[in-house]
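Below: one structure, written as structure tokens.
The values are calculated or read from the model by the stated rules, or taken from the named source; none is laboratory data. Since we're looking at a predicted model, the values are computed, not measured. Reconstructed Cβ throughout: ideal geometry from the backbone, glycine too, with neighbour counts over all protein chains shown.
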Amino acid sequence: MDSRAPLARQDEEGQDEAEADSLRSSLGGGGGGGGGSRSSSHSSSHDGERRVDKFGFLVAEGGGGARPEAPLEEVPLEVLRQRESKWLDMLNNWDKWMAKKHKKIRLRCQKGIPPSLRGRAWQYLSGAKVKLEQNAGKFDELDTAAGDPKWLDVIERDLHRQFPFHEMFVSRGGHGQQDLFRVLKAYTLYRPEEGYCQAQAPIAAVLLMHMPAEQAFWCLVQICEKYLPGYYSEKLEAIQLDGEILFSLLRRVSPVAHKHLSKQKIDPILYMTEWFMCAFSRTLPWSSVLRVWDMFFCEGVKIIFRVGLVLLKYTLGSSEKLKSCQGQYETMEQLRALNPKIMQETFLVQEIIELPVTERHIEREHLIQLKKWKEKRGEWQCQSPPRFHGAKAINDSEPHSRKALEPSPSIILPPGATLSPKGRKNKLPKGRKEEDPGKEGLANGPIPEENGSQTLLEPSASFLGHSKESLSSRESEDTYL
């Protein structure tokens, strides 16, 4: 087994598989894998009626969901429709919103992306949409290529472990598992120096619940290269370093929890590896997972740190809570069986938003912990690219993928005509002929900006930094619920 699979708790996964087989039987077979995460509570199969919840997870007889959920916070339909309308406007004018109204995008991500637009929004936020356009046909090329047998066998063995209670992945060899295999295999070919890490499978599976395989692949690429670079490398150095960063930040957020974990000598890698590498997709109730991912795609890895800090604070952050955590074993058990109340969607999201941990705190602590790492363990081996803190940073870093916008006058004058100031005629000095307007047009002078200042019309970073998105913003796209 690859060294990058510390989260593979084989006993739990075997239990999950047995439970999934039992559930398949109780639901009358297994039929097809379903068509993705749907909002309806029922879906038909040839073998009988298969019931799923609003997220696509199977519901056993008696009404109990296969994945335990806290009571859901339902958004009123009218509010949901208003949010959909606002998000459609943003997505259809993405460059403008990213350039001038990024704070509004962040606020709307914190409120939750409408389910009908979540997959599309994740692609825009992560830059996967632009990445796909810049690499047209690349996924098809990787999809048809033969993969490395070393990775193919490992991927094949992991397929049935990914959300076995979800309608997309319930059937062995169903379309969900097939697409998951295609995405993971393509990544091993796209980054052969990295290959495959087991924690990438749940990440890819969540993406596939919201978008087709090609789009899911490019979202996975962005997560691995921009949001969580180095997390899936062979020696797990990046995740270990972030564990030390998390532990150091905990001292500020919850000194009681920090002191207890220090006293028990519990290494962060023991409790935070699966949290961070799987972006909490195997930890939180599903409604909370989706809200965390909405914010994560917008604001970056600080959201993952904040979730971890909130969970530690409310699990180990008071003397009352520590009464049942006297030793290492009891503490680890408490962290494995988190209180559902602290993971409930509304409570958790509000705590995440209010926690004062910023990108600056994380980057400053990164430098401190990296220096300590080199002093204790020698040279840093992980050659991962720098981390980008969210959608704005990724958008601003995109290469200049199109020409700067050329100024175009809103009034087209007939040849030879000039535009005079209102109420006055154009008077020329005696003996001077009228110049050809073609030689000196509107494009050469400064133009007023919205704030009243003036700027010359030259290709600026703000223009050049735009993605190709607005060129294709009117295209019709499939919507995955």
Just for helices (runs of 4 or more DSSP H) wholly inside region 290-403: which have at least 3 residues that are surrounded by fewer than 20 Cβ atoms within 10 Å (Cβ to Cβ)? 319-322, 328-336, 340-343, 345-354, 359-377, 391-397
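Let's see how each residue does on (1) touching an Asp or Glu at 6+ places or on another chain (Cβ under 9 Å); (2) within 27 Å of E274 (Cβ to Cβ):
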| residue | (1), (2) |
| --- | --- |
| V130 | yes, no |
| L142 | no, no |
| S171 | no, yes |
| Q177 | no, yes |
| Y187 | yes, yes |
| P192 | yes, yes |
I need the full set of residues from region 200-233 which are acidic (D, E) and more than 22 Å from A393 (Cβ to Cβ), in order please. E214
Residues that are polar (S, T, N, Q) and either over 19 Å from the mean Cα position of the chain (by Cα) or modelled with pLDDT under 90 (or both), drawn from region 351-394: Q369, Q381, Q383, S384
Give the residue that is farthest from L338 (Cα to Cα), with candidates limited to residues of region 300-327 that are touching a helix residue (DSSP H, G or I) at 6+ places or on another chain (Cβ under 8 Å), of a type in the set (G, A, S) and in contact (Cβ under 8 Å) with a residue 12 or more places away in the chain. G300
Answer with yes or no whether S281 is of a type in the set (S, T, Y), out of contact with any Pro (no Cβ under 7 Å at 6 or more places or on another chain) and on the phi < 0 side of the Ramachandran plot. no
Subset tally (residues that are in contact with a Phe, Trp or Tyr (Cβ under 7 Å, 6 or more places away or on another chain) and over 17 Å from I239 (Cα atoms)) for region 342-375: 2
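Looking at region 348-391, which of its residues are among the hydroxyl-bearing types (S, T, Y) and either assigned by TED's automatic domain parsing to the domain that holds T283 or without any contact (Cβ under 8 Å) to a residue 60 or more places away in the chain (or both)? Lay out the reasoning, then the answer.
Of all residues in region 348-391, those among the hydroxyl-bearing types (S, T, Y) come to 358, 384.
Scanning region 348-391 gives a single hit, T358.
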If you take the residues in region 248-287 that are over 17 Å from R336 (Cα atoms), polar (S, T, N, Q) and part of a helix (DSSP H, G or I), which one is nearest to the chain's Cα centre (by Cα)? S287
Do you know which residues across region 261-293 are under 18 Å from Y314 (Cα atoms) and touching a strand residue (DSSP E or B) at 6+ places or on another chain (Cβ under 9 Å)? none
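Please give the helices (runs of 4 or more DSSP H) falling wholly within region 99-207 in which 2 or more residues are of a type in the set (K, R) and surrounded by fewer than 21 Cβ atoms within 10 Å (Cβ to Cβ).
102-111, 149-158
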Restricting the first residue to region 180-195 and requiring it to be within 13 Å of W218 (Cα to Cα) and assigned by TED's automatic domain parsing to the domain that holds D153, which pairs with a second residue that is part of a helix (DSSP H, G or I) and among the basic types (K, R) meet a Cβ separation below 8 Å and a spacing of at least six or different chains? Y190/K138
